[in-house]
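Working notes for the structure below.
The values are calculated or read from the model by the stated rules, or taken from the named source; none is laboratory data. Since the structure is predicted, the reported quantities are computational estimates derived from the model, not experimental observations. Cβ placement follows ideal geometry from the backbone for every residue including glycine, while neighbour counts extend to all protein chains displayed. Ligands, DNA and RNA are excluded from the accessible area calculation, which covers all protein heavy atoms including side chains. Shrake-Rupley method; radii C 1.70, N 1.55, O 1.52, S 1.80 Å.
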Amino acid sequence: MRILVFLFVAQVTLMFQAQTTIALDTSLQRIILQQHNIERALLKIPALSWNNEIAAYAEEWALKLATDDAGIVHRDTHLYGENISWIGGLDDLKVDVLDGVSLWNEEKQYFKYKPIGDGWAKSGHYTQVIWKKTTEVGCGCALSESGNFFLVCNYNPHGNIVGEKPY
């Protein structure tokens, strides 16, 4: 895994001069998927599978966010569930694509098992990761000219349905 992180940092270093998508090869896809599925396995929820079409959709939005470079903005349309991580000011370029997924999984500390409703915003990324009816995920990432890193993951079918429990 350390080799993958090194290769990712090297790739980001080469592309730092302009906003650009960051290709997620099959190894990085597998690792992102694993980070999602570890949380799901702890709850005995079926594992997600990777969907390349959804990943292309996520990558398109990550590039838009990097181009606009105005922070986290969700799509107006809700074709899929969506988690976005933004890591700002990467002067040293030491970013691991998994930092984005880790931020969502850290919301577990705020999660209370109850139907989605009031107060769910603090754990909404986490509940999307563990949403039992979700079966597929695809992710994309991009780096802005100013060094902001965006990771977007989209989920099919979407979760966080008001009035329903995650599992």
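Run lengths n ≥ 4 of DSSP H only: what is the helix-derived mean residue ellipticity at 222 nm for the chain, with -39500 (n - 2.57) per run over all residues, to the nearest 500?
Mean residue ellipticity at 222 nm (helix-derived): -11500 deg cm²/dmol.
Pick from 113, 155, 57: which is most flexible by mean-square fluctuation in a GNM of the chain where alpha carbon atoms under 10 Å apart are linked?
Answer for the Gaussian network model of the chain: 113.
Among 141-153, 75-87, how do they line up by average Cβ neighbours within 10 Å per residue, starting with the highest?
141-153, 75-87
Kindly report the accessible area of the stretch 52-167 per residue (heavy atoms of protein chains, probe 1.4 Å, no ligands, DNA or RNA), in Å². Don't skip to the answer; put the middle values down first.
Values: 5520 Å² over 116 residues.
On a per-residue basis, the stretch 52-167 sits at 48 Å².
Which whole-Hz couplings ³J(HN,Hα) result when phi for each residue of the stretch 100-116 is put into the Karplus expression 6.51 cos²θ - 1.76 cosθ + 1.60, θ = phi - 60°, listed in order with x for Gly and Pro?
These are the phi-based 3J(HN,Hα) values: x, 5, 4, 4, 5, 5, 5, 5, 3, 4, 9, 6, 10, 5, 6, x, 5 Hz.
Scan around residue 22 for amide H atoms under 5 Å from its own, H built in the peptide plane at 1.01 Å from N, and keep only partners 5 or more places away or cross-chain.
Residues meeting the criterion, in which the H sits 1.01 Å from N, are 141, 142, 143.
Any idea what angle helix 52-68 forms with the longest principal axis of the chain, computed on alpha-carbon atoms, 0 to 90 degrees, nearest 10?
It is inclined by approximately 60 degrees.
Enumerate the whole-percent occupancy of each 10 Å bin, from 0 to the last occupied one, for all C-alpha pair distances of the chain.
11, 41, 35, 12, 1
State the percentage of accessible surface on the chain attributable to carbon and sulfur atoms; use a 1.4 Å probe and exclude ligands, DNA and RNA.
56 percent
Can you tell me the 0 to 90 degree angle between the C-alpha axis of helix 26-42 and the longest principal axis of the chain, rounded to 10?
For 26-42 against the chain, the angle is about 30 degrees.
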